[in-house]
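Have a look at the structure below before the remarks.
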Amino acid sequence: MDTSTTGSYTAKLIDGPLEGKTVATAFLESGDPQPRIELKTDHGKRYVYSRGAGLEFASSDDDRPSAVDYRFVETVFD
């Protein structure tokens with residue numbers, strides 16, 4: 001995905017096995033934050049996180065958030 005046109009933001013993982021971690025995530029083509037993200041590990045599993053209510057903006061002039069909270073949903077074993 002070409003993130004130069006859609007941009008990116010920080011996904012803040014607020015609970016679950018990756019609590020306290022952050023990852024760079026691309027906005028959807030519509031400009032909205034991703035509703036769910038899946039993070040793969042080296043051990044044959046994926047952590048699924050769902051968008052929470054918390055949004056942070058770099059400045060009051062921004063129309064898109066610079067950081068979004070994500071809550072843990074489940075671990076999927078491959």
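Taking the criterion of being among the hydrophobic types (A, V, I, L, M, F, W, C), in contact (Cβ under 8 Å) with a residue 24 or more places away in the chain and open to solvent by 70 Å² or more (accessible area, probe 1.4 Å), the only residue of the range 1-31 that qualifies is Met1. When the residues of the range 32-44 are narrowed to those that are under 14 Å from the mean Cα position of the chain (by Cα) and surrounded by 11 or more Cβ atoms within 10 Å (Cβ to Cβ), which ends up farthest from Ser66 (Cα to Cα)? The selected residue is Lys40. One residue stands out in the range 33-78 among those that are of a type in the set (Phe, Trp, Tyr) and touching a residue at least 40 places away in the same chain (Cβ under 8 Å): the one that is nearest to Ile14 (Cα to Cα), namely Tyr70.
Filtering Phe77, Phe72 for residues that are exposed (fewer than 14 other Cβ atoms within 10 Å of the Cβ) and of a type outside the set (Lys, Arg) leaves a single hit, Phe77.
The values are calculated or read from the model by the stated rules, or taken from the named source; none is laboratory data. None of these values were measured; they are calculated from a predicted model. A quick note on method: Cβ atoms are made from the backbone with ideal geometry, for glycine too, and the neighbour counts reach across all protein chains shown. Calculation scope for accessible area: heavy atoms of the full protein, side chains included, ligands and nucleic acids excluded. Shrake-Rupley method; radii C 1.70, N 1.55, O 1.52, S 1.80 Å.
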